[in-house]
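*Asks:* What follows is a single structure, and I will ask about it in a moment.
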Amino acid sequence: MRAWRAAAGIDDGPVFRPVDRHGRVGGARLSGTAVALIVKRAAARVGLDPDQFAGHALRAGLATSAAAAGASERAIMAQTGHKSLPMVRSYIREGSLFRDNAAAVLGL
């Protein structure tokens, strides 16, 4: 992250920005469409079906990873833009399914 920010000359604002064909980094954030295209291309490069992936998975991954690391639901909501606890919890639930359950407490 530090290397990208230094190379792109980013001191503040969006971290993930468009890069034109001449290698110039734009000032605006990447669009949702651009993120989805990047994710799909990366999936295809490693042999996965790009139709099974989208940029939205990154948002869910952030919410799940942040919750697993102990971030509060409020902090996660501030980052992801979720407006309700039920919605942010629906992102987090899958990540904690096997970590925070009765069988896990028993070591099963």
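The values are calculated or read from the model by the stated rules, or taken from the named source; none is laboratory data. Treat the numbers as computed from the prediction; the structure is a model and nothing was measured. For neighbour counting, all protein chains shown are included, and Cβ atoms are generated from backbone atoms with ideal geometry for every residue, glycine included.
*Asks:* Can you confirm whether LEU62 is of a type in the set (A, V, I, L, M, F, W, C) and free of Cβ contacts under 8 Å to residues at least 12 places away in the same chain?
*Replies:* Working: of a type in the set (A, V, I, L, M, F, W, C): yes; free of Cβ contacts under 8 Å to residues at least 12 places away in the same chain: no.
No: the conditions fail for LEU62.
*Asks:* Right, something else. Against the definition (at pLDDT below 90 and surrounded by 12 or more Cβ atoms within 10 Å (Cβ to Cβ)), how does LEU58 come out, yes or no? Steps first, answer last, please.
*Replies:* On the way: at pLDDT below 90: yes; surrounded by 12 or more Cβ atoms within 10 Å (Cβ to Cβ): yes.
Yes, satisfied.
*Asks:* For the stretch 65-79, which positions are on the phi < 0 side of the Ramachandran plot and either surrounded by 17 or more Cβ atoms within 10 Å (Cβ to Cβ) or without any contact (Cβ under 8 Å) to a residue 12 or more places away in the chain (or both)?
*Replies:* Within the stretch 65-79, ALA66, ALA67, ALA69, ALA71, SER72, ARG74, ALA75, ILE76, MET77, ALA78 meet the criteria.
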